[in-house]
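The structure appears right after this line, and notes come after that.
The values are calculated or read from the model by the stated rules, or taken from the named source; none is laboratory data. Here the structure is a predicted model, which means the values were calculated and not measured. Virtual Cβ from ideal backbone geometry, glycine too; neighbours counted across all protein chains shown. Note: accessible area is taken over every heavy atom of the protein model, side chains too, but ligands, DNA and RNA are not part of it. Shrake-Rupley method; radii C 1.70, N 1.55, O 1.52, S 1.80 Å.
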Amino acid sequence: MSDPLAVIARFPGVSEAVDEARQAVDRLYRHRVLRRASPAVSTESSLRGARASAAIEGADVSLDALRRDEVHDPLVQGALRASAEMGRLGPTWRKAPRQVLARLHTVAAAGLAEEDALGRPRTEDSAPDPLGLGPAPGAAETATRMDALFRLLEGAGKAPAIVLAAVVHAELAVLRPFGTCDGVVARSAGRLTLVEYGLDPKSLVAVEVGHRELPYAEALRAYLSGTPEGVGQWVQHCASAVSLGGRETAAICEAMQRG
């Protein structure tokens, strides 16, 4: 039986984009600042990533306001909590992805969803569509596709982490399995996959910033087409987001080096 991730990795343009992103991450990891300040860089990258993730959903706030703890928007706060939670969830992601997604939703959607809905798959056949992707699959179809996604994660072979992360991210974004904060959960899971499957083990790359700088919804709509060209376009988008996120983190390093 063929490996679907290996098939996607061979789509036109994907291999080149993945190689370019990997080289960008390798260059970032060689920055001299990381010898002494890697945790601080990771913390700043996570802050910028959470801000960008919330902005994609329409809650755009300044970094200065976040640092001064002046932002009380529940969506922004949820993105910040999900970002902070990722460090604790990493070791569980490969073994129990369902549990990790439930936890990410619980922290991201607090204050936005009813308490008894936190961390629980939606039972309604409809879900909000903040990105204009079209109707979400019904609850039964979503549950079936989520099961397939968990099997894919558990059996991930030698396909590049970017390809796996792109599929995880897209499936969560288009299925909208919880019905609230699904975009924040999807981007958190995508970043967590890059970390736990070896591309960015120190969680330095502010990949969400890259997603925000690119035509995000357009790329997800391409994925929804289901064609090799459309799925390949989405994976190339994710690879570009990694490269741009690495550039953002390199700028963090340069600022720290200047003092």
Q) Which of the helices (runs of 4 or more DSSP H) contained wholly in the range 1-110 include at least 3 residues that are modelled with pLDDT of 95 or more and open to solvent by less than 30 Å² (accessible area, probe 1.4 Å)? A) 14-29, 34-56, 74-93, 97-108
Q) Of (1) touching a Leu at 6+ places or on another chain (Cβ under 8 Å); (2) on the phi > 0 side of the Ramachandran plot, residue 80 satisfies all except one. Which? A) (2)
Q | Members of the range 152-175 found to be part of a helix (DSSP H, G or I), at pLDDT below 95 and open to solvent by 10 Å² or more (accessible area, probe 1.4 Å), listed by number | A | 152, 154
(Q) Restricting to the range 183-213, give me the number of residues that are part of a helix (DSSP H, G or I), over 10 Å from residue 56 (Cα atoms) and of a type in the set (A, V, I, L, M). (A) 7
Q) In this structure, is residue 179 under 25 Å from residue 7 (Cα atoms) and not in a helix (DSSP H, G or I)? A) no
Q: Keeping to the range 219-233, report how many residues are over 16 Å from the mean Cα position of the chain (by Cα) and part of a helix (DSSP H, G or I).
A: 9
Q. Restricting attention to the range 234-242, does a residue exist that is assigned to a helix (DSSP H, G or I), among the small types (Gly, Ala, Ser) and out of contact with any helix residue (DSSP H, G or I) (no Cβ under 9 Å at 6 or more places or on another chain)?
A. no
Q. Within the range 192-204, is there a residue that is polar (S, T, N, Q), open to solvent by less than 40 Å² (accessible area, probe 1.4 Å) and within 29 Å of residue 126 (Cα to Cα)?
A. yes
Q) From the list 214, 224, 220, 244, which one is out of contact with any Phe, Trp or Tyr (no Cβ under 8 Å at 6 or more places or on another chain) and touching a residue at least 40 places away in the same chain (Cβ under 8 Å)? A) 224
Q) So, in the range 129-151, of the ones that are under 20 Å from the mean Cα position of the chain (by Cα) and open to solvent by 80 Å² or more (accessible area, probe 1.4 Å), which residue ends up nearest to residue 4 (Cα to Cα)? A) 151
Q. Regarding residue 101, is this residue farther than 26 Å from residue 131 by Cα and touching a residue at least 24 places away in the same chain (Cβ under 8 Å)?
A. no
Q. If the Cβ limit is 8 Å and pairs must be 6+ apart or interchain, which residue in the range 175-204 that is free of Cβ contacts under 8 Å to residues at least 12 places away in the same chain pairs with which residue that is among the aliphatic types (A, V, I, L, M)?
A. 201/195
